[in-house]
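Below is a structure I'd like to ask you about.
The values are calculated or read from the model by the stated rules, or taken from the named source; none is laboratory data. The shown structure was predicted, so the numbers you read here are calculated from the model rather than taken from an experiment. So basically every Cβ, Gly included, is an ideal-geometry build from the backbone, and we count neighbours across all protein chains shown. Accessible surface is based on the protein model in full, side chains and every heavy atom, while ligands, DNA and RNA are left aside. Shrake-Rupley method; radii C 1.70, N 1.55, O 1.52, S 1.80 Å.
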Amino acid sequence: QVQLVESGGGLVQPGGSLRLSCAASGSIFSIYAMGWYRQAPGKQRELVAAITNGGSIRYLDSVKGRFTISRDNAKNTVYLQMNSLKPEDTAVYYCNAPSMAQDYWGRGTQVTVSS
């Protein structure tokens, strides 16, 4: 089993920044990537950014140039630096870590972008 604990969400004004963190523990050897999804009210959950064990990265088109995903393997932690935040970035952000057997999820952290 893998446990994921997110932190760093909150309320920020448009144009502001936040950094999300997700610390993984447990059977870390079984996962092959880590990433962030988000879900806004009434919308489907969508992949925001992901980074594989090999360092390959992908982003949702709407966050390219504004969000940066990074990973500290020594701390088993993945980060999402979010800059130039927009109201449409408001959502619950979930940490995700896929393995061959199953996907692991954190409980989510709320990000609200509002003036």
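With (1) within 20 Å of VAL5 (Cα to Cα); (2) in a helix (DSSP H, G or I); (3) not hydroxyl-bearing (Ser, Thr, Tyr) as the list, and GLU88 as the residue in question, which single condition is left unmet?
(1)
A follow-up question, please. Go over the candidates ARG45, ARG66, ARG71 one by one and state the one that is surrounded by 14 or more Cβ atoms within 10 Å (Cβ to Cβ), without any contact (Cβ under 8 Å) to a residue 60 or more places away in the chain and farther than 26 Å from MET100 by Cα.
When all the criteria are applied, what remains is ARG66.
Which residues, taken from the range 91-115, are within 17 Å of VAL2 (Cβ to Cβ), of a type in the set (A, V, I, L, M, F, W, C) and open to solvent by less than 80 Å² (accessible area, probe 1.4 Å)?
CYS95, ALA97
Turning to a different aspect of this structure: Please tell me if GLY16 is part of a loop (DSSP other than H, G, I, E, B) and at pLDDT 95 or above.
Judged against the criteria, GLY16 is a match.
Any residue that is basic (Lys, Arg), farther than 16 Å from SER99 by Cα and in contact with a Lys or Arg (Cβ under 9 Å, 6 or more places away or on another chain) - is there at least one of those in the range 18-27?
no
Kindly indicate the residue of the range 74-85 that is of a type outside the set (Phe, Trp, Tyr), in contact (Cβ under 8 Å) with a residue 60 or more places away in the chain and in a strand (DSSP E or B) and also most open to solvent (accessible area, probe 1.4 Å) among those meeting that condition.
Only one residue tops the list, namely GLN81.
Now for a different question. If I ask for residues that are free of Cβ contacts under 8 Å to residues at least 12 places away in the same chain and not in a loop (DSSP other than H, G, I, E, B), which ones from the range 19-42 would you list?
Scanning the range 19-42 gives a single hit, PHE29.
Out of all the residues in the range 10-42, which are closer than 19 Å to SER62 by Cα and either surrounded by fewer than 16 Cβ atoms within 10 Å (Cβ to Cβ) or among the small types (Gly, Ala, Ser) (or both)?
Matches in the range 10-42: GLN13, PRO14, GLY15, GLY16, SER17, ARG19, GLY35, GLN39, ALA40, PRO41, GLY42.
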